[in-house]
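The values are calculated or read from the model by the stated rules, or taken from the named source; none is laboratory data. None of these values were measured; they are calculated from a predicted model. Neighbour counts run over all protein chains shown; Cβ positions are idealised from the backbone, glycine included. Accessible surface areas use protein heavy atoms only, side chains included; no ligands, DNA or RNA. Shrake-Rupley method; radii C 1.70, N 1.55, O 1.52, S 1.80 Å.
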Amino acid sequence: MNSEAIKKAAQLIHEADSLFIGTGAGMGLDSGLADFRGNHGFWKAYPKLGNAGIEFTEMANPMAFVKNPRQAWGFYGHRLNQYRQTKPHAGFDILKKLGESRPLGYFVFTSNVDGQFQKAGFDPAIIAECHGSIHHLQCQDRCTGAIWEADDLQVEVDTENCLLTSELPVCPECRSLARPNILMFNDWGWIGERTEWQIAKLNQWYHRTKKMAVIELGAGIHVPTVRRVCESFNVPMIRINPGEPQVRSNNDVSLPLGALEALEQIYSEFQTLNNRS
């Protein structure tokens, strides 16, 4: 079953003039990153929060920075350190090669805030991060609309208790608490200008394309932003997801595989097609 689907996926990319890449949390699993969507994985990664009955939606929430800023920054600081230390898996390089092989190039749309595409060598100008980035900060009180890079921020975390032990990050303008520039649950204070600029660049690229291929990796149904965007182009798409591979029609390709495994197989078939042409 997968063999024919792999061939069809490779053919769709081979015939396209451009490649739209959409990714969710499942894209990072092969790099060893956890998927915090849902309490099961969240509590497994942070057992102290599970013992206290704190849910993922409570922690990934701007009110967490009001109620207990050291705990909120314990969670996000741990993630920041983890993402900085993680090496993107080989599937990122395969996606980059596939995208660069298309005459009109490619664009990445991701709900991940981990910065793994940039770390894998992708041009930041062709990445849209719809939920923001943990590698950028903003003022919790929105004293200005400023967004700044977190490159100089060094955080120390008591991982067992999920508590920040170093100094709390502060806004350089008003000296109140700084928070990650990430769109959280029930978040009316997120500053979205950086993401809006990225989406504008994506739209400019899209209007130059004529026959686009869409490949979606690891995007779930619980936060369906990426799935909806990938489906919105109304072209045959490749959906790679081991748990939720359902597609709209027979024109689409469904691959119930992990991202790296699927990409390795697609790229092998893609190279065969190139050798024939």
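Taking the 1.4 Å solvent-accessible surface of the chain as the whole, the part contributed by carbon and sulfur is 49%.
What percent do you get for the relative contact order of the chain when only Cα pairs under 8 Å and 6+ apart count?
Values: 502 pairs, mean separation 77.1, N = 277.
Averaging sequence separation for qualifying contacts and normalising by length gives 28 percent for the chain.
Cysteines in the chain that lack a partner Cβ within the 4.7 Å cut-off: C130, C162, C230.
Over 20 Å between C-alpha atoms is what I'm after, so list which of K7/K211; K96/K211; K8/K97; K97/K211; K8/K211 land there.
Numbers: K7/K211 18 Å; K96/K211 18 Å; K8/K97 18 Å; K97/K211 18 Å; K8/K211 16 Å.
With Cα atoms farther than 20 Å apart: none of K7/K211; K96/K211; K8/K97; K97/K211; K8/K211.
The alpha carbon convex hull volume per residue for the stretch 78-214 rounds to 130 Å³. Relative to the current alpha-carbon distance between E15 and S249, full extension at 0.36 nm per residue lengthens the span by 82.3 nm.
Convex hull volume of the C-alpha atoms in the stretch 141-263, normalised per residue: 182 Å³.
Considering only the Cα atoms of the stretch 101-174, their convex hull presents on average a projected area of 7.1 nm². Taking amide H atoms as placed 1.01 Å from N in the peptide plane, the amide H of V157 lies under 5 Å from those of T165, each 5 or more residues away in sequence or on another chain.
Helix hunt in the chain: which complete DSSP H runs extend at least 15 Å axially by C-alpha with mean Kyte-Doolittle at least -0.5?
Numbers: long enough: 2-15 (19 Å, -0.54); 69-85 (23 Å, -1.66); 90-100 (16 Å, 0.10); 193-206 (20 Å, -1.40); 259-276 (26 Å, -0.53).
Qualifying helices, which must be both long enough and hydrophobic enough, are 90-100.
Computed about its Cα centre, the charge dipole of the chain is approximately 520 debye, with only Lys, Arg, Asp and Glu carrying charge at their Cβ. Note on the chain: with a GNM built from Cα contacts shorter than 10 Å, the maximum mean-square fluctuation among W190, W205, W73 falls on W205. Placing one equal scatterer on every Cα of the chain and applying the Debye formula, the log10 ratio I(q)/I(0) at q = 0.12 Å⁻¹ is -0.76. Accessible area per residue for the stretch 135-277 is 54 Å², calculated with a 1.4 Å probe on protein heavy atoms, without ligands, DNA or RNA.
Please give the direction-averaged projected area of the C-alpha convex hull for the stretch 167-226, in square nanometres with one decimal. Working shown, then result.
On the way: hull surface 27.7 nm².
Averaging across all directions leaves 6.9 nm² for the Cα convex hull.
Between A45, A25, A259, the Gaussian network model of the chain with springs among Cα atoms under 10 angstrom shows the greatest mean-square fluctuation at A45. Cβ under 13 Å from I134's Cβ, I134 left aside: what net charge do those residues give with Lys, Arg +1 and Asp, Glu -1? The answer is +1. With all protein chains kept in place, the per residue accessible area of the stretch 21-77 amounts to 43 square angstrom at a probe of 1.4 angstrom. Taking only Cα atoms and a 10 Å spring cutoff, compute GNM fluctuations for the chain and point out the largest among P224, P69, P256. In the Gaussian network model the winner is P224.
Can I get the semi-axes of the stretch 221-277's equivalent ellipsoid? Compute them from the C-alpha gyration tensor as square roots of 5 times the eigenvalues, in angstrom, largest first.
Working: eigenvalues 109, 42, 17 Å².
Output for the stretch 221-277: semi-axes of 23, 14, 9 Å.
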